[in-house]
Amino acid sequence: MSLDLLDAPLRVTWDLYQPGFGLSRDNLHTLAERLLEAGVFFVWLDGSPARHPDHQHLITRLAQGCQVSLTIQPAPEDLSRLSPGLPLGEVFLDVSALGEANFSLVAGAVEGLRDLGYAPALLLRPSRNNLALLPLVAQWCRDLGVGRLKLPNTPVKAQHTGPEELGLPGPQEIAALRRYIGDDAAALRKGLDLQVHDLFIWEILFPPGHSDRGEFRGCQAGNSLGHVTVTGELYPCASWPLSLGSLLESSLTELWQSALRMAVRSTIARLPAACRGCRDLPVCFGGCRGLAETFPRHSAGRDLMCSGPR
């Protein structure tokens, strides 16, 4: 039985592996079957999935019914374990923790991925520490002939105590990025397919006159987005650490039709008081509601990067 997919096909991120822990092959098979039977359209294996000994088996099975992408870290431990010839739609090389001195490391990783038969994109998870490196990473893409740069949302675990621990950008960092890029957004974008999750970064890189944000229009947590944790728990989104239940114990369809998942969508449908009167509400819809709900004392109910109604 497939899901009621509401506004869009369901896309799922999956944290497949963490040091010292990964689900057994049998459990991976159970989760894969539940994603496939629900009609999930897209699965992105994030973190360091190549370190899981059964990554090849999982990818091969998932690819029989959906599109599969994978994150790779620019480390020998990841690259040496990635199997060539896997049916992957995209491979993202995560450069989020790197700096100016790491170009040779990135170049080597890109070359290594190409030797395995993959055409990698670069991935930069925006943080307080790396936002200013965005133009540099864009230049790395051009220098290396990489045509795609992805800026996704930041995964949050239930034990995270605040946005400071995660280094999440706030209004000050967004204002600094705006000043830093200034009128050079066109130069930064040159030759690149940029995929930007957060509205407040996107509008700096794509000034007025560009097409709308398509799939990123409004918070899609629990609607067209879902997230599977390393233990098999289903979240509304990687940035919203609220367990809807375990996919080892229930089908995705059962969890998606639960009262808890419906409550998530009801929360998103309610306008945050701090957003009232904002002229950009028809575009933003309150921004990232998962982070706002997870860290309420930092957000007043609105996106953590927002300084207030405009």
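Observations
- Carbon and sulfur %, accessible surface of the range 270-310 computed with the full protein complex present, 1.4 Å: 55 percent
- For the range 171-310, a crude dipole built from +1 on the beta carbon of Lys and Arg and -1 on the beta carbon of Asp and Glu, taken about the Cα centre, is about 500 debye to the nearest 20.
- Global form of the range 91-130, assessed from the alpha-carbon gyration tensor, a/c cut-off 1.5: oblate
- Per-residue extension of 0.36 nm, minus the Cα-Cα distance of E111 and A263, leaves a gain of 50.1 nm for this segment.
- Heavy-atom accessible area with a 1.4 Å probe sorts L123, L166, L199, largest first, into L166, L199, L123.
- Per residue, the accessible area of the chain comes to 44 Å² when a 1.4 Å probe rolls over the protein heavy atoms.
- Derived scalar couplings ³J(HN,Hα) [the range 55-60; Karplus, 6.51 cos²θ - 1.76 cosθ + 1.60; whole Hz; x for Gly, Pro]: 5, 5, 4, 5, 4, 4
- Accessible carbon and sulfur surface of the range 66-128 relative to its total accessible area, %, 1.4 Å: 51 percent
- About its Cα centre, the range 131-215 has a charge dipole of approximately 200 debye under the convention of +1 per Lys or Arg Cβ and -1 per Asp or Glu Cβ, with nothing else charged.
- The chain: antiparallel DSSP beta bridges as a percent of all, rounded to 5: 15 percent
- Estimated FRET transfer efficiency (Y180, A273; beta-carbon r; R0 22 Å; 0.05): 0.10
- Classified by the C-alpha gyration tensor, the range 95-224 has a rounded form. Its axis ratio a/c, with a ≥ b ≥ c, is below 1.5.
- Mean Cα-pair separation over length for the chain, i.e. relative contact order, pairs under 8 Å, 6 or more apart, %: 17 percent
- By accessible area with a 1.4 Å probe, ligands and nucleic acids excluded, highest first: order of K150, K190: K190, K150
- Apolar share of the accessible surface for the range 134-230: 50 percent from carbon plus sulfur atoms, 1.4 Å probe.
- Cβ charges +1 (Lys, Arg) and -1 (Asp, Glu), total dipole of the chain, debye: 780 debye
- Residue-wise HN-Hα coupling along the range 37-42, computed from phi with Karplus coefficients 6.51, -1.76, 1.60 (Hz; x: Gly, Pro): 5, 7, x, 4, 7, 8
- Within the range 1-107, the chymotrypsin sites (Phe, Trp or Tyr not before Pro) that combine a DSSP coil assignment with at most 16 other C-beta atoms in a 10 angstrom radius are F41.
- Whole-angstrom gap from the range 30-72 to the range 256-310, using each part's C-alpha centre: 30 Å
- Shown in residue order for the range 237-250 are the 3J(HN,Hα) couplings computed by the Karplus curve 6.51 cos²θ - 1.76 cosθ + 1.60 at θ = phi - 60°: 6, 4, 9, 10, x, 10, 6, 8, x, 9, 6, 7, 10, 9 Hz (x for Gly and Pro).
The values are calculated or read from the model by the stated rules, or taken from the named source; none is laboratory data. For clarity, every value in this text was computed on a predicted model and none was experimentally measured. When we count neighbours, we look across all protein chains shown, and the Cβ atoms used for this are built from the backbone with ideal geometry, even at glycine. Side chains are part of the model used for accessible areas, which takes the heavy atoms of the whole protein and leaves out ligands, DNA and RNA. Shrake-Rupley method; radii C 1.70, N 1.55, O 1.52, S 1.80 Å.
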